Structure formats: C-alpha cells, structure tokens
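Structure, as structure tokens:
The values are calculated or read from the model by the stated rules, or taken from the named source; none is laboratory data. Worth saying up front: this structure is predicted, and the values here are computed from it rather than measured. When we count neighbours, we look across all protein chains shown, and the Cβ atoms used for this are built from the backbone with ideal geometry, even at glycine. Protein only, heavy atoms only, side chains kept; ligands, DNA and RNA dropped before computing areas. Shrake-Rupley method; radii C 1.70, N 1.55, O 1.52, S 1.80 Å.
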Amino acid sequence: MNEIAAAVLAGDRRAIARACSLLEAGRGQGIARDLGGHTGKALLVGITGPPGAGKSTFTDQLIAVIRAEGKRVAVIAVDPSSMKTGGALLGDRIRMQRHHQDAGVFIRSMATRGEMGGLAPTTLALTTVFDAAGFDVVVVETVGVGQDEIEVARLAHVVAVLLVPGQGDEIQAIKSGIMEIADLFVINKSDQAGAEKLYQEIEAEVHGEKAILKTVSTTGQGVAEVWKYIESLPRRVVVAAAASFVIDHLGIAVGSIDEALRFYQDGLGMGAAMRETVESEKVRVAMLQAGESRLELLEPTDATSTIAKFLEKRGPGIHHVALRVADLDLSVERLRSGGARILNEARIGAGGHRYVFVHPASTGGVLLELIEEHS
Ligand SMILES: Nc1nc2c(ncn2[C@@H]2O[C@H](COP(=O)(O)OP(=O)(O)OP(=O)(O)O)[C@@H](O)[C@H]2O)c(=O)[nH]1
Ligand SMILES: [Mg+2]
C-alpha cells in the first residue's frame, strides 16, 4: 500500500494534509485507490447557500455540536476562487479557528478556480481521505452559485441550503434548481427582520415536503436542532457509491459446465476457471475472470435446484446479473422502502461475500444479485 495512504488510515494529520494536496494537484491516484476500500462510514453533509449567508459561521457552530457528541468532524470549505477574494478565503478559516487545536477536527480549504467539473471529482477525493481517516462526519461548505450547488448534492448524503432574510432574491435562487437538491432549508440570521416572511416564501414552494429550520449562527441558536434533523434523514446515494456499482459477475445457467468451458476456455481462450460446488444451492459453479468482472457458469447438481428449474422453464442463458454495492444493508433498506422485492435476508455466499437477490419484477426483468464490496 501507498505509504501516505497507510498513514491516512492511521489518522496521521500530516499525511491527511499531504494526501489532500496531492489529490488537489491531480497526483494522488495511488492514494485514492488505496483508500477506496476504506470508505463509506462517514456522514457527508453539504452546506450551501448564497455568499455571506453565514455558512462558515453556521459550520463552526455545527462542529461544536458534533464534537459535543464525541464525534470527529472534517470540514472542506470549497472556494470557487474566481468568485472569491483572498480575504473571503481567509474568512472561512477564521470563522472556524477556535477548533484548530482540536485533534477531532480537521478544516481544509480548497480552491476550485471555477474549472468545469472542478467541484465534484476533487472534493469527492478529499471526502474519501477524511472518511478513510476515520472522521465520523465530513462537512462540505460551498457557495451556492451556478453549478457547484447542484454538484454538492452528488457528493453529500444530506444537503442543507442556508438562506437569509431580507435579501429579496432568495426565492429566485430556490426556483433555479436548489429546490430539488435541498434536503432541508435553514433560515440563518433569523435574528434579523424578515425571517418569518422568508419562511412563508419557502413554505409556499415546498408545501411541507421539506423541513425549514431557523438559526442564529452567531449565537448557535437552533444549530443543534438542525444537526438532529440532518442525522435523522435517510442518506442519499452519492457519487462515490454510484462508482461502486460495477458488475461483479454475470450468472449463466448451462446444461453442462464442461461443455461451456470448451467454448470459453478452449475456444475463446479465457483463463482457468475457479470451480466449486455450492451444496445449499445444489449447483456447480465455474468462475471465469473477465477483466474486473467475471462470468459465473452454473450447472445444477439436482433436479430440484433453482438452476434446474430455470433451465427447464427458460433454457440455458443469463440467469442473473450481480452488482457490487458499497453497503449492502443500506442498499436493501433503500430498495425495501421503495417497494422492491428482496428475495432473501442478506447472507454469506461463495467467496465469503454477503449478498441478496432482487426479484426480476422489480429490476426490469432480470434477477439481480447485490454483493457487498468488502465484507
Ligand atoms: N446577525 C447575524 N449575523 C450572522 C449570522 N450568521 C453569520 N453572520 C454574519 O454574517 C457574515 C458572513 O458570515 P460567514 O459565515 O462568513 O458567511 P459565509 O456564507 O460562509 O460566506 P462566504 O463563505 O463568503 O460565502 C459574518 O459577519 C457573520 O458574523 C446570524 O445568524 N446572525
Ligand atoms: Mg464561508
């Protein structure tokens, strides 16, 4: 393993900073690869809103609330520096300065220089570093302008949109896309005039479907309630998780593995197959490596096995598609709440991986196996 990645996993702060710098410079591929298998635990929270809404002040209070629970928190303050002066960049850090001595807090500023697609890939890479380093929560603060506010939704489990009263154009902002990405609205600076009017304006748009909470970040009022609500929300799927939906294998039902191997090995020239018999499924299996993915040939050992019944009913052919997921329980929970038919409780199968099957009626017609990435 990469030396820096190993030190990141051990929680070494200098290694974390170094890993962030390398990733920002586009020279951290090795680190990203080594940390990839150690992520998925941290709660990723996106905080967005117009310039000066109080995002950094709010985040500073949020850090205090999270720390009071004993959890470790990292903050990535994203600065589209085409928009911001050096002074504002400094402002983010100053607002959270009181936490700088706390070993359970790590604050990192990141400039995107307004590049196309600048926010998502690099910020995502940085969240990976903090996630792997064992931080329980990673907060991404980004100014809600243009594309960035939409992109933050792709890398955060929960997105809070901060608005302030008395600016006149808040509702304009809501209409231009924030609506869909917000999981909750925070009316910050609610000590100022117009907070109730803004509440009514947002409510007229969301019709009770999204929470609207009020805060005064300078005093911390209401921030604990926002945190409580954030923690209670289901996590949306982030880009990191989306990247893990690779095809682990295709399961092919065959009458005879030996005969099929004559085609795939002798004819086509694929490598040696891993063979095993799964007694519980009454099936013989031959696994052929195909790049990062595999072909799984399935031959029944008994007329009562599901593969035998499949052959009888449908003939030889693709029996199932297996996708790798980062967090099987989370995927199952999401699918169940959406009404999908999960065919079994998660169990451990060949190779020691946890898996479930999803009924073809829910998946567009194919039996789908979900396999946990690293169990
Ligand atoms: N009255 C009042 N002022 C606040 C509140 N929250 C933040 N502020 C002030 O608003 C100003 C901007 O706060 P920041 O936290 O820097 O805002 P920001 O959204 O991070 O700003 P950018 O990162 O530059 O977009 C500061 O002077 C804060 O003290 C609040 O709840 N009430
Ligand atoms: Mg800020």
*What accessible area per residue comes out for the stretch 322-375, rounded to a whole number of Å², with a 1.4 Å probe?*
53
*Once the convex hull of the C-alpha atoms of the chain is built, how many Å³ does it hold per residue, rounded to a whole number?*
162
*With the chain treated as a Gaussian network of Cα nodes joined by springs under 10 Å, which of GLY52, GLY104, GLY339 yields the largest mean-square fluctuation?*
GLY339
_Net charge, LEU343 excluded, C-beta distance under 15 Å - Lys, Arg +1, Asp, Glu -1_ = +2
*Top to bottom by accessible area (1.4 Å), largest first, where do ARG236, ARG275 land?*
ARG275, ARG236
*State to the nearest 20 debye the size of the charge dipole of the chain about its Cα centre, where the only charges are +1 on K and R beta carbons and -1 on D and E beta carbons.*
500
*For the stretch 244-372, just say rounded, prolate or oblate: build the C-alpha gyration tensor, square-root its eigenvalues into a ≥ b ≥ c, call rounded for a/c under 1.5, and beyond that prolate if a/b exceeds b/c, oblate if not.*
prolate
*Compute the longest continuous run of the chain that contains no exposed GluC sites (Glu not before Pro); treat a site as exposed when its DSSP state is not H, G, I, E or B and it has at most 16 other Cβ atoms within 10 Å.*
116-208
*Considering only DSSP beta bridges with both partners in the stretch 245-375, what is the antiparallel share in %, to the nearest 5?*
70
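Pairs of alpha-carbon atoms within less than 8 angstrom and 6+ residues apart define the contacts here; what relative contact order does the chain have, in percent?
Result for the chain is 13 percent.
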*Using alpha carbon centroids, what distance separates the stretch 246-297 and the stretch 6-57, in Å?*
39
*Can you tell me the order of 153-160, 320-327 when each peptide is scored by its average per-residue count of other Cβ atoms within 10 angstrom, highest first?*
153-160, 320-327
_Please compute the modelled spin-label separation between GLU231 and ALA6, points set 7 Å along Cα→Cβ, answer in nm with one decimal._
3.6
*Sequence-distant residues sharing a close amide H with GLU141 (under 5 Å, placed H)*: ILE47, ILE76, ALA77, VAL78
*Give me the net charge of TYR264's neighbourhood, meaning all other residues with Cβ under 14 Å from the Cβ of TYR264; Lys, Arg count +1, Asp, Glu -1.*
-2
*Counting DSSP beta bridges with both partners in the stretch 246-316, what percentage is antiparallel, nearest 5?*
70
*Restricting to the chain, what percent of DSSP beta bridges are antiparallel, rounded to 5?*
40
*Which of the pairs LYS197/LYS228; LYS41/LYS210; LYS282/LYS313; LYS41/LYS71; LYS55/LYS228 have their Cα atoms more than 20 Å apart in this structure?*
LYS197/LYS228; LYS41/LYS210
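Given axes a ≥ b ≥ c from the Cα gyration tensor, I'd like to know whether the stretch 37-81 is rounded (a/c under 1.5), prolate (a/b larger than b/c) or oblate.
Oblate shape, in that a/c is at least 1.5 and b/c is the bigger or equal ratio.
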*When the accessible area of the chain is split by element with a 1.4 Å probe, what percent falls to carbon and sulfur?*
52
*asked:* Mean-square fluctuation check for the chain, GNM, Cα pairs under 10 Å: which of ARG18, ARG341, ARG314 is largest?
replied: ARG314
*Tell me, what ³J(HN,Hα) does each residue in the stretch 250-259 have, in order and in whole Hz, if you take phi through Karplus 6.51 cos²θ - 1.76 cosθ + 1.60 with θ = phi - 60° and put x for Gly and Pro?*
10, x, 10, 7, 10, x, 9, 4, 4, 5
